[in-house]
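The values are calculated or read from the model by the stated rules, or taken from the named source; none is laboratory data. Quick caveat, the model's predicted, so the values are computed rather than measured. A quick note on method: Cβ atoms are made from the backbone with ideal geometry, for glycine too, and the neighbour counts reach across all protein chains shown. Each accessible area value is taken on the protein alone, full model and side chains, heavy atoms only, with ligands, DNA and RNA left out. Shrake-Rupley method; radii C 1.70, N 1.55, O 1.52, S 1.80 Å.
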Amino acid sequence: MPEIICSALLFDMDGVLIDSTPAVSRVWRKWALEHHFNPDEVVTRAHGRPSITTVHEYLPHADAVAENRLVERAEMEDLDGVIPLPGSRELLQSLPPDRWTIVTSSTRPLAEVRLRAAGLAIPKKLITSSDVVNGKPHPEPYQKAAALLGFSSSDCVVVEDVPAGIRAGKSAGARVMAFTTTCKEEDLIAAGADWVLKNYADISFVSAEGGLKLNLATES
């Protein structure tokens with residue numbers, strides 16, 4: 001069983017702490033059909049990136065900010081099925097509050113709405129797409145999160161579920177554990193994940209003396 005020692009854990013939100021996939025898929029599928037795009041393709045590309053990035057790619061000549069507000073409003077209103085992933089609440093409650101945060105491609109208002117809907121704590125130093133210039137897969141979100149906690153990103157472990165987030169973590173110099181909640185194991189490994197896990201049952205928090213110590217039961 002691999003043992004990990006790190007200064008802090010940096011969690012993605014959707015697909016890592018909460019299950020919002022049905023809601024995300026509904027919103028983006030509807031948006032794609034309204035704009036005559038392939039809904040399956042749009043849903044796949046929208047996962048794990050700032051929504052405005054997807055809007056820019058598909059509607060390069062539109063008012064992306066205004067269009068993104070419509071998408072955000074739809075996502076904030078559709079909370080049906082937004083629930084915590086099994087074990088996520090328990091792990092967060094066991095960790096020292098200054099040793100973890102959330103780094104999400106959602107905007108701050110959307111992230112807070114989803115976390116409340118799932119019954120999860122909102123960390124004081126939450127990093128969202130509202131707080132960075134460059135979203136995932138750029139390293140800025142994870143670099144900024146680590147710095148806010150007072151650590152180097154190389155001393156942190158990122159928890160992700162999609163290639164864009166994995167690449168962001170690796171580019172920031174962090175180690176990355178990835179869940180197979182959204183993508184296939186081979187895609188996570190190809191993106192650079194250091195460990196691949198099924199769920200939180202594969203993580204055992206051991207101690208926080210001088211840092212976090214965890215044991216993993218990995219798929220790879």
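What do you reckon, is Ala145 at pLDDT 95 or above, in contact with a strand residue (DSSP E or B) (Cβ under 6 Å, 6 or more places away or on another chain) and either assigned to a helix (DSSP H, G or I) or basic (Lys, Arg) (or both)? Yes: the conditions hold for Ala145. May I ask you to verify whether Asp98 is open to solvent by 10 Å² or more (accessible area, probe 1.4 Å), in a helix (DSSP H, G or I) and either out of contact with any Leu (no Cβ under 6 Å at 6 or more places or on another chain) or among the basic types (Lys, Arg) (or both)? Yes: the conditions hold for Asp98. Do we find a residue being surrounded by fewer than 19 Cβ atoms within 10 Å (Cβ to Cβ) and outside any helix (DSSP H, G or I) anywhere in segment 102-115? No, segment 102-115 has no match at all. For residues in segment 169-192 being assigned to a loop (DSSP other than H, G, I, E, B) and either open to solvent by 20 Å² or more (accessible area, probe 1.4 Å) or among the acidic types (Asp, Glu) (or both), which is nearest to Ser153 (Cα to Cα)? Top of the filtered list is Gly173.
Here is the figure for segment 31-56: residues that are surrounded by 14 or more Cβ atoms within 10 Å (Cβ to Cβ) and either touching a residue at least 40 places away in the same chain (Cβ under 8 Å) or in a helix (DSSP H, G or I) (or both) total 18. Residues in segment 193-220 that are part of a helix (DSSP H, G or I) and not charged (D, E, K, R): Tyr200, Ala201.
Answer with yes or no whether Asp78 is surrounded by 13 or more Cβ atoms within 10 Å (Cβ to Cβ), over 16 Å from the mean Cα position of the chain (by Cα), closer than 19 Å to Gly15 by Cα and touching a residue at least 40 places away in the same chain (Cβ under 8 Å). Let's see the steps before the verdict.
Values: surrounded by 13 or more Cβ atoms within 10 Å (Cβ to Cβ): yes; over 16 Å from the mean Cα position of the chain (by Cα): yes; closer than 19 Å to Gly15 by Cα: yes; touching a residue at least 40 places away in the same chain (Cβ under 8 Å): yes.
Considered against the rule, which asks whether it is surrounded by 13 or more Cβ atoms within 10 Å (Cβ to Cβ), over 16 Å from the mean Cα position of the chain (by Cα), closer than 19 Å to Gly15 by Cα and touching a residue at least 40 places away in the same chain (Cβ under 8 Å), Asp78 comes out as yes.
Selection within segment 193-203: residues that are touching a residue at least 60 places away in the same chain (Cβ under 8 Å) and out of contact with any Lys or Arg (no Cβ under 9 Å at 6 or more places or on another chain). The member of this set that is most open to solvent (accessible area, probe 1.4 Å) is Ala201. Just one of the numbered conditions (1) in contact with a strand residue (DSSP E or B) (Cβ under 8 Å, 6 or more places away or on another chain); (2) crowded, with 21+ Cβ neighbours inside 10 Å; (3) among the small types (Gly, Ala, Ser) is not true of Gly119: (2). The residues on offer are Ala178, Ala217, Ala190, and the sole one that is modelled with pLDDT of 90 or more and under 17 Å from Glu3 (Cα atoms) is Ala178. Kindly indicate whether any position in segment 28-42 is of a type in the set (Val, Ile, Thr) and farther than 30 Å from Ala121 by Cβ. Yes, segment 28-42 contains at least one residue that is of a type in the set (Val, Ile, Thr) and farther than 30 Å from Ala121 by Cβ.
Look at (1) more than 14 Å from Asp12 (Cβ to Cβ); (2) open to solvent by less than 60 Å² (accessible area, probe 1.4 Å); (3) touching a Cys at 6+ places or on another chain (Cβ under 7 Å) and you find that Phe151 fails only one, number (3).
Select from segment 154-168 the residues that are over 18 Å from Leu216 (Cβ atoms) and open to solvent by 50 Å² or more (accessible area, probe 1.4 Å) and list them in ascending order. Result: Ser154, Arg167.
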